[in-house]
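Some notes on the structure that comes next.
The values are calculated or read from the model by the stated rules, or taken from the named source; none is laboratory data. Quick caveat, the model's predicted, so the values are computed rather than measured. As a convention, Cβ positions derive from the backbone with ideal geometry for all residues, glycine included, and neighbour counts pool all protein chains shown.
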Amino acid sequence: MLKTQFQEQVAEVIKAVKSTNPMAGSITNSVTINLVANAQLAVGGSAAMVHLPDEGEFLAMAGGATYINCGTLLPIYEATLPTVAKTSHDAGKPWVLDPVAIGIGTLRTRLLLQFKEYKPSIIRGNASEIIALAGLWQLEGGTGTSNVRGVDSTDAVLTAKDAAISLAQWTGGAVAVSGKVDLVTDGKTVIHAKGGSHFMEKITGAGCALGGVMAVYATSTTPFVAAITGTFAFNLAGRAAEQNAEGPASFQVHFLDELYKLTASEIIDAPFEIEEV
């Protein structure tokens, strides 16, 4: 029964976003900004990429949700990111945090520590980033040191389960851990989702684009369902794109096409398992 309920909720989000074209603003890293925006457009959302504090604050208030990515930080982000996170939190607007490269540099660490009080609606990252963020926020399952190698994880997804649950329980939202078998939790229920493609590790920004798409879905449903929907969509689109791809470049093109073509009836068939905490 619970599995059917999730399938129905996910299908409804797919239909809602395609019919309403909701706005999800993003402050994302310069390496991946193009893919993030195109993925948001492909699923039916409207994208807006900003750098400045006042523009970010405006989008946080005017849009349905906001995506904050901590990769390739610019000096202006020291003012922009906390402003947008606080504005979203105070206004009760959903926002998605991607703690890219946590543990590298004092500015990034300071910003991520500030975000604790603004309780992101969704946190999306690889296993090492999730473990490190829980550690920085002094939550169960976290460690005081980061095992992130640049932007890559050196930990398996399941090792981040306790950290993900702790983070979700603190924020009251959802946490998504990306890997060969993705993990999504709201602190009470854990979803294990299979799919995707090995080519996702060969292009820049697949995880960042996923965070941006989760923000689009968060405009139309709960954080947990938004995180599940984004995960399912990427897994199905990745698997379908791989069948026609000759390499990473063609995969990226096919991937955006598959995201665009994805229907509510197709996403119901995404394979996943449910675990109660």
Quiz item: Which members of segment 102-140 meet the condition of being part of a helix (DSSP H, G or I) and of a type in the set (A, V, I, L, M, F, W, C)?
Solution: Leu107, Leu111, Leu112, Leu113, Phe115, Ala127, Ile130, Ile131, Ala132, Leu133, Ala134, Leu136
Practice problem: Give the number of residues within segment 73-101 that are closer than 23 Å to Thr229 by Cβ, in contact (Cβ under 8 Å) with a residue 40 or more places away in the chain and in a loop (DSSP other than H, G, I, E, B). | Solution: 2
Practice problem: Return the pairs, sorted by first residue and then second, in which the second residue is hydroxyl-bearing (Ser, Thr, Tyr) and not in a loop (DSSP other than H, G, I, E, B), the first residue lies in segment 266-277 and is surrounded by fewer than 17 Cβ atoms within 10 Å (Cβ to Cβ), the beta carbons are less than 8 Å apart, and the residues are 6+ apart or on different chains. | Solution: Ile274/Thr189; Glu275/Thr189; Glu276/Thr189; Val277/Thr185; Val277/Thr189
Exercise. With respect to Lys116, determine if the residue is modelled with pLDDT of 95 or more and either touching a Phe, Trp or Tyr at 6+ places or on another chain (Cβ under 7 Å) or surrounded by fewer than 18 Cβ atoms within 10 Å (Cβ to Cβ) (or both).
Key: yes
Exercise. Test Ile228 against the stated conditions and say whether it is in contact (Cβ under 8 Å) with a residue 40 or more places away in the chain and in contact with a strand residue (DSSP E or B) (Cβ under 6 Å, 6 or more places away or on another chain).
Key: yes
Quiz prompt | Hey, Glu140 within 21 Å of Thr28 (Cβ to Cβ) and either modelled with pLDDT under 95 or surrounded by 24 or more Cβ atoms within 10 Å (Cβ to Cβ) (or both) or not | solution = no
Practice problem: Restrict the check to segment 27-43 and report whether at least one residue is small (Gly, Ala, Ser) and free of Cβ contacts under 8 Å to residues at least 40 places away in the same chain. | Solution: no
Exercise. State the number of residues belonging to segment 5-29 that are closer than 16 Å to Ala227 by Cβ and of a type in the set (Val, Ile, Thr).
Key: 4
Practice problem: Could you tell me which of the residues Thr221, Thr204, Thr189 is of a type in the set (S, T, N, Q), in contact with a strand residue (DSSP E or B) (Cβ under 9 Å, 6 or more places away or on another chain) and surrounded by fewer than 22 Cβ atoms within 10 Å (Cβ to Cβ)? | Solution: Thr189
